[in-house]
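Trainee: First, the structure itself, so that you have it in front of you.
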Amino acid sequence: EQYLGAGSRSVAREPPRVAPTGVIPKRLLNDWLVRAPRKMEMTSDCFVNWDNGGPSHDKYFTSVFVHPGTGELFFAGQFGSDYTIFAEEQDDEAAAGEEQALVWYKSKKNAEHGAAARAYDCIMYRERFASRPNDDEDPDEPMANQEEEVVRLGNDDPYPAPDHFSRGLEARRGVIPTDIFAQLWKRLPQAPASHPQADIVPDDHPEVAWSNRRR
């Protein structure tokens, strides 16, 4: 049976960033969500998970964190050392700078931590660095009025809020199963009922996409 990762090679990666001992991404993110003025709660509904369709000994999971307040999607990033990126999911366009490859983990739990870490890093970056009045300041240095040290969890660079929340999802259109894509599309704020290219085709359709067969 063919599945993502069967006989595949993993993409070379940077050494994992070592987060402080005891740091749990989902707990950190939830602590931020519940504080005023947000007063939101992280639930299982905040995560959309799926696997690569492989057998139990070769199964990998990935996850997307859906912000309960804004609906923004945060795809699992590179957290810890349990993850892998498959070469099949990287192409010339992705190599040119547009994120398309997914990050896969050997457990669903760690995949969710990878998504939470990505969300947390981006949110902290936006809160503390993105609104600096002086563009010449080093974004890796804490702001003068910021006493608390920023905890960076993942290997991926954080990014500012996108102009359109659908951008990251659109960029990964070719590597996400069609039913998962449709599910995520419906979670976007003010999204149409369905994406014009998100029609689900039957599994036995002769022209079914590779991404739709990967379940």
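Trainee: Can we say VAL64 is touching a Lys or Arg at 6+ places or on another chain (Cβ under 9 Å), surrounded by fewer than 20 Cβ atoms within 10 Å (Cβ to Cβ), aliphatic (A, V, I, L, M) and modelled with pLDDT of 90 or more?
Mentor: Against the criterion (touching a Lys or Arg at 6+ places or on another chain (Cβ under 9 Å), surrounded by fewer than 20 Cβ atoms within 10 Å (Cβ to Cβ), aliphatic (A, V, I, L, M) and modelled with pLDDT of 90 or more), VAL64 does not qualify.
Trainee: Quick one: which strands (runs of 3 or more DSSP E) lie wholly within region 21-85 and hold at least 2 residues that are of a type in the set (A, V, I, L, M)?
Mentor: 61-66
The values are calculated or read from the model by the stated rules, or taken from the named source; none is laboratory data. This one's a predicted model, so the numbers in the text were calculated from it and none came from an experiment. Glycine gets a Cβ as well: all are built from the backbone with ideal geometry, and neighbour counts include every protein chain shown.
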